[in-house]
Amino acid sequence: MQWLTHEIYNQVPELEDYNIFTSDAVLMDGLQRAGGDWHADALVRAGQELGSHAVLELGELANRHLPELRSHDRQGRRIDQVDFHPSWHRLLGLLRQEGLHALPWMAPRRGAQAARAAGYYLQAQVEAGSLCPTTMTFASIPVLQNEPALFAQLKDKLFSRQHDARDLPITQKTAIMIGMGMTEKQGGSDLRSNSTVARPVAAGGRGEAYLLTGHKWFFSAPMCDAHLVLANTEIGLSCFFVPRWRPDGSKNSVLVLRLKDKLGNKSNSSSEVEFQDAYGILVGVEGRGIPTIIEMANLTRLDCVIGSAAIMRQALVQAIHHTRHRSAFGHLLADQPLMRNVLADLALESEAATRLMLKLAGALEAPDDPLQRAWKRIVTPAAKFWICKRALEFTGECMEVWGGNGYVESGAMARLYREAPVNSIWEGSGNVMCLDVLRAVERDPQGMQLILGQLSVSPAAGIPQMAGELHDYLKLNAEQRETGARRFAQTLVLALQAQLMLEQAPAEIADAFLRSRLDAECGRVYGTLSAGVDSRLQQQIMERAYPAAAA
């Protein structure tokens, strides 16, 4: 017998069956400013599909039913195969369908990078693990395009909008994915400590076959059809294209030892591997492996920024949705002054992150413009440091909005919180990014001066002062600059975000961001907006971030 002890009420309905794109005014505005509005119809369609119950459930299923490694088949033959739940392949199919693995390379035109970034940003709000092989494939294409003979064999399969999950030689597939293998256990970010070696099969040289022996400590998405791998030749560290299958149709000797048991990003299989005379093709100039692959790293770092901005956006929308349906102490949470302060503050942070990631995507389209080149090389690592790190505190605050309901795995917040740290670590942790900012400034001092020149003439109080601080910092000696590298990167990003908000956001909202982010007493925790950001403006910021009629 069941006893009815209480009535269920004051519980929040699931956020589903809403359009992720059309409910995001900032994203739509930023896309238009970047010249990508020609892609808006496709994003409207994708936004509706991604916000549906069916697709949101795919993300949940892919993280509940985790990938499994099968090293051998039933007869004892080595297969090194990772099996996934069907939801994983459905998600990859959606990513390919929208061209998020190659759109700017397939159809280059103004706004293509921003259009692709917007689509990636939408998909990242649904499920993050499936982004890993997608972003590596996207980032590998410019590297492979520099190898005409190899790229000619791969182009159609790289550009395909289908997902081909079959584990077959590349020649037998309709679509392929490319991964990356750089990190070894003794070095981490210190790639020059890599011990994997490669010896030529014949004369050697660019485009020729080599055999690789060694290991990789983090080898993400081992079921990709090939990986770009760093290994040492007699000349030095070089880059190799290492397929899962050899040209003769036999399985390449890339042995998957185990899958990583990670904090988050559970749906994606990160692995440890050994190479036992694995077949590979030299890509780029021998001994120049790091410069060869650095373009790929820059693109994956940008995707870390986009992915973290997307996690922040989804956490914000979940928090606002929750407070509009949950009452406490006689009032809806969304109507309570302190909660409004928190949500408005979070919305300002999310908007600034979104505008910055679209600006960075647009900078990729003007490699010959000195200012845009500086944005790409200097601001990208700074943004990766700041946006990815802000996502950790941001998701924790949004989880707290949900209270105890946010701390259980059956809700959306727990997965968002566990996903947040990964982008700060992958493709270079915070210190690596800040040091990379300094190296980029040293290599392009004129580009840095162009950025400072824009900031120094800003009409907003505070931004020219920040430009002056950055300028003075660059006069310090090398040890002092390295010691303060995080402060430099933080100041640079905040100044640029403030300038973007000033140029693109409504005046009152831009002013609220500037006054809070440039105020030393504000921003230490979310929800510390000053009395000048009154309840009317807070409500306006929340409604702008996520309209009440959207879901």
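Toward the positive end of the charge dipole of region 1-69, with +1 on the Cβ of Lys and Arg and -1 on the Cβ of Asp and Glu, the farthest Cα among L43, Y18, A62 is that of L43. Between L332 and L392, the contour length at 0.36 nm per residue exceeds the alpha carbon distance by 18.9 nm. Give the shape of region 213-266 as rounded, prolate or oblate, defined through the alpha-carbon gyration tensor: a ≥ b ≥ c are the square roots of its eigenvalues, a/c under 1.5 means rounded, and otherwise the shape is prolate if a/b is larger than b/c and oblate if not. Judged from the Cα gyration tensor, region 213-266 comes out oblate (a/c at least 1.5, b/c at or above a/b). With a/c under 1.5 counting as rounded, go ahead and sort the chain into rounded, prolate or oblate using the C-alpha gyration tensor (a ≥ b ≥ c being the square roots of the eigenvalues; past the cut-off, prolate if a/b is larger than b/c, else oblate). It comes out oblate by the Cα gyration axes. The order of the peptides 345-351, 488-494, 255-261 by mean Cβ neighbours within 10 Å, most packed first, is 345-351, 488-494, 255-261. Remark: relative contact order (the chain) = 14 percent; criterion is Cα-Cα distance under 8 angstrom and separation of 6 or more residues.
Measuring r between the beta carbons of R78 and A366 and using R0 = 45 Å, the FRET efficiency lands at 0.40.
The mean sequence separation of alpha-carbon pairs under 8 Å and at least six residues apart, normalised by the residue count of region 437-551, gives a relative contact order of 17 percent. When the solvent-accessible area of the chain is split by element, carbon and sulfur atoms take up 52 percent of it, the probe being 1.4 Å. Specify the angular offset, from 0 to 90 degrees and rounded to the nearest 10, of the alpha carbon long axis of helix 289-323 from the longest principal axis of the alpha carbons in the chain. That helix lies at roughly 30 degrees to the long axis. Applying 1/(1 + (r/R0)^6) with r as the Cβ-Cβ distance of L150 and L474 and R0 = 45 angstrom yields a FRET efficiency of 0.65. Length gained on full extension, E234 to Q186, computed as 0.36 nm times the residue gap minus the Cα-Cα distance: 15.2 nm. When V379, V422 are compared by accessible area of protein heavy atoms, the largest-first order is V422, V379, using a 1.4 Å probe. For the chain, find the longest principal axis of its Cα atoms and tell me its angle to the long axis of helix 430-443, 0 to 90°, nearest 10. Tilt of helix 430-443: around 80 degrees.
Between the Cα long axis of helix 380-402 and the first principal axis of the chain there is an angle of about 50°, rounded to the nearest 10. Between rounded, prolate and oblate, where does region 375-492 land on the alpha carbon gyration tensor, with a ≥ b ≥ c its root eigenvalues, rounded for a/c under 1.5, else prolate if a/b exceeds b/c? In terms of gyration-tensor shape, prolate. Note that region 216-222 has calculated 3J(HN,Hα) couplings of 9, 7, 10, 10, 6, 6, x Hz, one per residue in order, obtained from phi through the Karplus relation 6.51 cos²θ - 1.76 cosθ + 1.60 (θ = phi - 60°); glycine and proline are x. Helix content alone sets the calculated 222 nm mean residue ellipticity of the chain: runs of n ≥ 4 DSSP H residues at -39500 (n - 2.57) each, divided across all residues, give -16000 deg cm²/dmol. Here's how it looks for F218: its modeled amide H is under 5 Å from those of T183, which are all 5 or more places away or on a different chain.
Remark: spin-label model distance N405-S535 equals 2.3 nm, labels positioned 7 Å along the Cα→Cβ axis. For the pair T483 and A25, label points projected 7 Å from Cα toward Cβ lie 4.6 nm apart.
The alpha carbon centroids of region 444-493 and region 230-294 are separated by 38 Å.
Its relative contact order, with pairs defined as Cα atoms under 8 Å and 6+ residues apart, puts region 1-126 at 28 percent. The gain in end-to-end length when the H65 to R544 segment is fully stretched comes to 168.8 nm, 0.36 nm per residue minus the alpha carbon separation.
At a probe radius of 1.4 angstrom, the accessible area of the chain per residue rounds to 41 square angstrom.
Close amide H partners of I79, meaning residues 5 or more places away or on another chain with modelled amide H under 5 Å apart, are H72, D73.
Largest accessible area first, the listed residues M177, M312 line up as M177, M312 when surface is computed with a 1.4 Å probe on the assembled protein chains. Model label points for L257 and T174, set 7 angstrom from Cα along the Cα-to-Cβ axis, are 3.8 nm apart.
Taking every protein chain into account, the 1.4 Å probe leaves S327 with about 50 Å² of accessible area, to the nearest ten. Converting phi to 3J(HN,Hα) with the Karplus coefficients 6.51, -1.76 and 1.60 and the offset θ = phi - 60°, region 133-149 yields x, 5, 5, 5, 5, 4, 6, 6, 4, x, 5, 5, 5, 7, 10, x, 5 Hz in sequence order, with x at every glycine or proline.
All other residues whose Cβ lies under 12 angstrom from that of A42 are scored, Lys and Arg at +1 and Asp and Glu at -1, for a net of -1.
The values are calculated or read from the model by the stated rules, or taken from the named source; none is laboratory data. Predicted, not measured: the structure shown is a model, and the values here were computed from it. Note: ideal-geometry Cβ built from the backbone for every residue, glycine included; neighbour counts use all protein chains shown. For accessibility, only protein heavy atoms count, side chains too; no ligands or nucleic acids. Shrake-Rupley method; radii C 1.70, N 1.55, O 1.52, S 1.80 Å.
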